[in-house]
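Heads up, the thing below is written out as structure tokens.
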Amino acid sequence: MQNAGFLSRFDGMGRFGIVWSGQVVTLVGNAVLRFAFVVQAWTSGGEATRVVLLSICALLPQMLLSPVAGALVDRVSKRTALQLADLGGLVVVSGLTALYFLGDLRLWQVYPTVALLGAAAAFQYPALASAVPLLVAKEQLQRANGLLATAKSASDVVGPALAAVLVTSGSLGLVLWVDLVSFALALLTVRLVRLPAAVDAKAPAGPRRRLSADSAEGLRILFGQPSLRGLILVFFSVNLVMVFGFAVVQPMILARTGNQPGALAAVMTSIGIGGIAGGLLLAAWGGPRNRVRGMTLGIIGMCVSAQILMATARWVPAWCAAILVGALLMPIVNGTMQAIIQTKVPKDRQGRVFGAVLFVSQISSPLAMAFSGPLADRVFEPQAAEGGGLVGLARPLVGTGPGTGMATMLLLAGVLGTAAALWGMASRNVRDIDRLLPDLDADEPSGTERRESADA
């Protein structure tokens, strides 16, 4: 009976479950391919720059195209948008597979392939995030977002492990076939599900606006309403400082353990396990009733555990426990934020808004990465060696020796991230978002324009 009661929490999520299962498969397939590309790039010359370039090729197209992708997603049915995103990935990998088996594949061809897959991913996120409200009831949104987060974390754990087996026992060709099959299965699951035509209807007929105007509208909606603007600015600020800190986690661990790869592997595995657990927890729990408070407390918990405690800990089990808790909280924070947008923005505009969310959240990553490395090498680690500056002040918390400069950066990022979350909670526009910007009713016509209450 207890099992029946637990399973009843997922009533009405059957169609979402079909789409979700396909996304799990394709996320794992993409993670396998990414890992294989990293191995290929490293073994071709042993240069870290080649590996970093892969990440840049994947990130930049996804970030730059996300506003346009979101606008295009709103111009077609969500089912069509999901199919086109998966089909784009299938076509790209098919071309690379053909080159491989013809014997013409070169390393330089991998980079445009990764860029094209990043472009396809720019469509995938707004299409999937805006399709969720069409697949589940309002009260199930946070559960669905939790399952999506679980799929991503599971791919980060399973993908590299499976890729290691395939690359060792087979070849890049086998990896390519696995990714092709994953895209095909994702397409099949989307084909099996039909979204309600009445809910997923296009906007009324009329003169079509320019794509550039629709692309900019996602940013206008986010920044034009005080509550949404405050929410996204909190996320931008937290992402900026957290990426700044996380960029030095791996070298910090290696420096503080005398270059022990096993220690780093244990910490990175803990991130994946925490992400899976957090997504499953959100799916089973359903999320906090007071979404803003729950989201803010989750951000503070992430900053304290995955950054402040990580910076002050001195041994591997403590690092693993701290970052696992932070990774567990991340799906809850992200899933709750997505549910807020899914209930505040009309369905026919959610594609462009989620495209704008992706753009704003990812633009902080290259900014933070650009500064964190040079600051670690030229400022904080030299201060650690000399015992001065901020590192000297933080010595009672972070200790001494190699890596303490980067630990100080992580500590600083945690403090700033906590401050950003508290600022969001103190802001009336963010704290009272449910009163100032009420949820849309399920039967409200799409395209309805709303303004916040006059007392906002």
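Remark: pairs (first residue in the range 305-319, more than 13 Å from Leu411 (Cβ to Cβ); second residue of a type in the set (Gly, Ala, Ser); Cβ separation under 6 Å; 6+ apart in sequence or on different chains) = Val316/Ala263; Val316/Ala266; Trp319/Ala313.
Could you tell me whether the range 142-161 includes any residue that is buried (at least 18 other Cβ atoms within 10 Å of the Cβ), farther than 30 Å from Ile271 by Cβ and at pLDDT 80 or above?
no
For the range 372-393, the condition of being surrounded by fewer than 22 Cβ atoms within 10 Å (Cβ to Cβ), more than 20 Å from the chain's Cα centre (by Cα) and not in a helix (DSSP H, G or I) holds for at least one residue. For the range 270-285, residues that are surrounded by fewer than 20 Cβ atoms within 10 Å (Cβ to Cβ) and under 20 Å from the mean Cα position of the chain (by Cα) total 4.
Residues are listed down the side, and each one gets a yes or a no for (1) among the charged types (D, E, K, R); (2) in the same structural domain as Ser21 (by TED's automatic domain parsing); (3) at pLDDT below 90; (4) in contact with a Cys (Cβ under 7 Å, 6 or more places away or on another chain):
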site	(1), (2), (3), (4)
Val165	no, yes, yes, no
Gly170	no, yes, yes, no
Leu174	no, yes, yes, no
Val178	no, yes, yes, no
Ala184	no, yes, no, no
Ala198	no, no, yes, no
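The criterion of being under 16 Å from the mean Cα position of the chain (by Cα), more than 25 Å from Val28 (Cβ to Cβ) and surrounded by fewer than 21 Cβ atoms within 10 Å (Cβ to Cβ) does not hold for Pro288. I'd like to verify a number: residues in the range 394-415 that are outside any helix (DSSP H, G or I) and within 33 Å of the chain's Cα centre (by Cα), how many? So the answer is 3.
Within the range 83-109, the residues that satisfy the criterion of being among the aliphatic types (A, V, I, L, M), touching a helix residue (DSSP H, G or I) at 6+ places or on another chain (Cβ under 8 Å) and modelled with pLDDT of 85 or more are Leu84, Ala85, Leu87, Leu90, Val92, Val93, Leu96, Leu99. Thr418 satisfies every condition listed in (1) assigned to a helix (DSSP H, G or I); (2) at pLDDT 90 or above; (3) more than 22 Å from the chain's Cα centre (by Cα) except (3). Go through the range 312-327 residue by residue and tally those that are closer than 17 Å to Thr418 by Cα and within 23 Å of the chain's Cα centre (by Cα). So the count comes out to 5.
The values are calculated or read from the model by the stated rules, or taken from the named source; none is laboratory data. Given the structure is predicted, the values throughout are model-derived calculations rather than measurements. All Cβ positions, even for glycine, are placed from backbone atoms using ideal geometry, and neighbour counts span all protein chains on display.
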